[in-house]
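Remarks on the structure that follows.
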Amino acid sequence: MESIQVIPYPILAGAIFSFGLAVGSFANVCIYRLPRKESVVVPGSHCPACHSTVRPLDNIPLISYLILGGKCRNCSIRISLIYPTIEAITAILMLAGLLKFGTSLEFLVYAVVATSLVIITAIDIEHQIIPDVITLPGIAFGLIVGICTIGYKDSLLGLFLGGGLFYLLAVLSNGGMGGGDIKYIAAVGALLGWQKVLLVIFIGAFLGSIVGLFLITIQKKSRKSTIPFGPFLAAGTLITLYYGNSLIRVYLEYFGR
């Protein structure tokens, strides 16, 4: 019996990168439509300026943008650079996930999470919200995956610890912590467990503090200026997915004695 030939890695990497571009194209649809409470299925892709339907050949991720010179074929209005940027970032994240997790179930989970992080980050930066349509299914997804990977006790503890801490902060700060952040961190806690959700919070707060100080000192922002926390939590989640075990091990070795 002949053995199954393994797909050459360059071809696999190219396929995953292309897949990431396609997912990034869908992420763009979510980023634009979800805050407006529009369907991400219908109608099909169209120019937000002239509302003309985008032809299939003009809807190829990244490539069509370059061919069209970053303009709509029909009205020639400039297409925001954010669209190809989102596609490229998603594709790079997919490729990085392949390098980290290989062709495994972990990669499939990572692909869902990474795509969600891209969408959450873009929406929170522009609209300062994290839609329930992402976080509520995210809690269910986190519980299902978490129960299967880290056990139901750790998953539930992570959910209630993460969500509970942020809810307490929201109460103490009189609304300084948004409901979307609370649901998001609850989903992350369910997925990663109590130790890693604390790591996500720490990394997010650390990165947020650095950016906040930069904005205050360089751009003369007020201390009361609103800065969305979602992007920093997303960065913390991504870092934890890659290096969480190593960071926790280092912490326990040096500070857990």
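Suppose we filter L233, L213 for residues that are of a type outside the set (D, E), without any contact (Cβ under 8 Å) to a residue 40 or more places away in the chain and either assigned to a helix (DSSP H, G or I) or touching a His at 6+ places or on another chain (Cβ under 8 Å) (or both); which single one remains?
On the way: L233 fails: without any contact (Cβ under 8 Å) to a residue 40 or more places away in the chain.
The match here is L213.
Are any residues in region 64-108 open to solvent by 80 Å² or more (accessible area, probe 1.4 Å), among the hydroxyl-bearing types (S, T, Y) and within 26 Å of S52 (Cα to Cα), and if so, which ones?
Within region 64-108, none qualify.
Does region 162-173 contain any residue that is open to solvent by 20 Å² or more (accessible area, probe 1.4 Å), farther than 24 Å from I227 by Cβ and more than 21 Å from the chain's Cα centre (by Cα)?
No, that holds for no residue.
Has region 191-206 got at least one residue that is open to solvent by 50 Å² or more (accessible area, probe 1.4 Å) and over 22 Å from L156 (Cα atoms)?
Checking region 191-206: at least one residue is open to solvent by 50 Å² or more (accessible area, probe 1.4 Å) and over 22 Å from L156 (Cα atoms).
Just need a number here: residues in region 74-112 that are more than 18 Å from N28 (Cβ to Cβ) and in contact with a helix residue (DSSP H, G or I) (Cβ under 7 Å, 6 or more places away or on another chain). Lay out the reasoning, then the answer.
Our first condition is that a residue be more than 18 Å from N28 (Cβ to Cβ); within region 74-112, this holds for 74-76, 95-110.
Narrowing the set further to residues that are in contact with a helix residue (DSSP H, G or I) (Cβ under 7 Å, 6 or more places away or on another chain) leaves 95, 97-98, 100-101, 107, 109-110.
Going through region 74-112 one residue at a time, the tally reaches 8.
Determine, yes or no, whether I210 is modelled with pLDDT under 95, open to solvent by 70 Å² or more (accessible area, probe 1.4 Å) and of a type in the set (A, V, I, L, M, F, W, C). Break it down stepwise before answering.
Numbers: modelled with pLDDT under 95: yes; open to solvent by 70 Å² or more (accessible area, probe 1.4 Å): yes; of a type in the set (A, V, I, L, M, F, W, C): yes.
Answer is yes for this residue.
Can you tell me how many residues within region 111-140 are farther than 22 Å from G163 by Cβ, of a type outside the set (A, V, I, L, M) and either crowded, with 23+ Cβ neighbours inside 10 Å or touching a Lys or Arg at 6+ places or on another chain (Cβ under 8 Å) (or both)?
Count: 0.
Within region 141-161, which residues are crowded, with 17+ Cβ neighbours inside 10 Å, among the β-branched types (V, I, T) and part of a helix (DSSP H, G or I)? Walk me through it before giving the result.
Quick first cut of region 141-161, residues crowded, with 17+ Cβ neighbours inside 10 Å only: 141-143, 145-146, 150, 154-159, 161.
Keeping just the survivors that are among the β-branched types (V, I, T) gives 145, 150.
Correct list: V145 only.
Give region 138-196 a look and list any residue that's touching a residue at least 24 places away in the same chain (Cβ under 8 Å) and among the basic types (K, R), or say none.
K183, K196
The values are calculated or read from the model by the stated rules, or taken from the named source; none is laboratory data. Everything numeric in this text was worked out from a predicted model, so none of it was measured. Positions of Cβ are backbone-derived with ideal geometry, glycine not excepted, and every protein chain shown enters the neighbour counts. With ligands, DNA and RNA removed, areas are computed over all heavy atoms of the protein, side chains included. Shrake-Rupley method; radii C 1.70, N 1.55, O 1.52, S 1.80 Å.
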